[in-house]
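Below: one structure, written as structure tokens.
Coordinate-derived values only; no laboratory data. Values in this document were obtained by computation on a predicted structure and should not be read as measured data. As a convention, Cβ positions derive from the backbone with ideal geometry for all residues, glycine included, and neighbour counts pool all protein chains shown.
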Amino acid sequence: MALELVKKVSQVIVFLVSTPLGYIIDGGILLLFLVFTLSRALHRERLLAQAAGTTFGAAQKLFVCIDALGRLGASLLANLPVLLIMGVISLSVVAIGETVQKVEASLEAANRIKELQAVLRNLERSLKVAEIRVLSTQNDRTTFEITFFDPANQQSIAETRTISIDGRDIYIDAIVLNFDYSEIAAGRKVNIAIPYRVFSDQVAQINGISLGGVDSKGIPYMFHRADDDIYGIAPEIYRERLKELVQLTSSDTSARPAGIVRSYYGSALHKRVSAGDRLELRVEQTGGLTLRERFPF
Amino acid sequence: MKANQKNPSKKLQKEHKHRSISFKGLVKTVFCVIVLVLIILAVGAALFLREQQKIIKELETSIENLKLTTVPLRFMVLSRSDKELSARFRFYDGDGKEIASFERSWNGSDLYIDSLVVPLKTGAMAFPVRVFTDAVAPRGGTNLMYYYDFNGIPGIYDSSRLNDQQRQILKELFTKLKTAEGLYGSNAAANPGERLLTYFGNAVHDIKQLRQFEVGTIYSLVIHTDGGIEILSE
């Protein structure tokens, strides 16, 4: 409370000595004081002249005004130490008020920096969805191992499969769900990618290899697991996520509840591969999927 | 005797006066020091706050930059049946001006728009390369680069803001990409251009069982600075 009062007083002082409107107010107060002082002196002298039966002409008025201003000046000089002390006290109040204000603003700024850093961190995040290790590319047929990860726990492997398919340009097809930036930035949601099919430059998607099959709702079976088979995430959370995905993707209206889901589509990342290649399929929190090369050690 | 009595009291008075003056002086000094310290603190706090505001500005700019996107292509499904679909595509340059368009039909039900993504130090560039469907293998798809290849320069990245040197660099990158992808001549298995350029492909599409592109709705192919590709309806 005391600090608030000091801040307010400091603000008033700063306003009065550093803003055009403050100068006008200061000038106005000074002018009023001068007018009051001179009026009082003139009134007193007029009464004295009337009592003495003498005239009170323009020359006498001028003399009275000059005399009153002179007395005022002398009074100010006599009280100079007091005025200086008041000035120093005002300066102290301003300094305290400014310091308190700046410290409060600095604490707010520090919080804002922390928030923005969290937002930036969330948006810059890139989560691994799968790793691909190419075993062979003989006779224009590619054999590779694909390992799926739980985005919530990058160390948790959901499944590993070995796949062979004609062609050298391998397409890993996934369902992608991108949430609104506000959801990602706040850390409430992460964009989701679920690989569900493999095809190639030579093999049409319809003839591709299903990654464990998809249920009637389009969710790959590989993600339906018994409690014992769920690693790195609590089973109820895992199922909650699947349920959320089904609700979000089951119809036009539910897929964009309150603008939370920004986009929902398929994305088939692909690359022409050679034996020994190691690739990472990642879901970017700004939206979409990317593929990174991991060169063999 | 009286003089002796007077002298001690005068001495005491002098001492008392001296102590008062010293005490007042000390108070004044302490007061001045406190005021000076407060002023220094205020100035220091103001400078620190200015630095913090600079950091906030930089963070906000970084966040906005992350959200930057380009839209080189828009499309619309014109018609769809069980076995066939038709669509119209429009291409745009760096200034947002339309530079090409075409309409085609394909066998199939899911529409795939394939792009080649080239990660660079300052971000990624994506070049739409082909259109195919779930029933058409990618190598049998429709070449898209043909529509925005203007004398070797990819029209989707050309802009009035580019100078000649930048255009030349763009042309060289585009040539390397087309060579690596085998769009120049044969796409032999061992293409020497392949390892000269790091890139990957991303074919975005609709999904019959879950969500198909609606007939008559315009969709944008949105390229994020980190190389992610997204489809957004307008």
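Taking 0.36 nm per residue of separation and subtracting the current Cα-Cα distance, fully stretching the chain between residue B:95 and residue B:163 would add 23.1 nm.
Full extension of the chain segment joining residue A:8 with residue A:138 gains 38.7 nm, where the gain is 0.36 nm per residue of separation less the Cα-Cα distance. Between residue A:50 and residue A:112, residue separation times 0.36 nm minus the direct Cα-Cα distance comes to 15.0 nm. The trypsin sites (Lys or Arg not before Pro) of region B:89-166 that DSSP puts in a loop, and whose beta carbon has at most 14 other beta carbons within 10 Å, are B:97, B:121, B:161.
Relative to the longest principal axis of the Cα atoms of chain B, the long axis of helix B:2-66 makes an angle of roughly 0 degrees. Filter B:97/B:208; A:189/B:208; A:114/B:97; A:128/B:83; B:97/B:121 down to the pairs with a C-alpha to C-alpha distance above 30 Å, please. Long pairs (Cα-Cα over 30 Å): B:97/B:208; A:114/B:97; A:128/B:83. Taking Cα atoms only, the orientation of helix B:164-180 departs from the longest principal axis of chain B by about 50 degrees.
Under 1.5 on a/c is rounded, so check that first for chain B, then, if it is not, pick prolate when a/b is larger than b/c and oblate when it is not; a ≥ b ≥ c are the square roots of the alpha carbon gyration tensor eigenvalues. Prolate shape, in that a/c is at least 1.5 and a/b is the bigger ratio.
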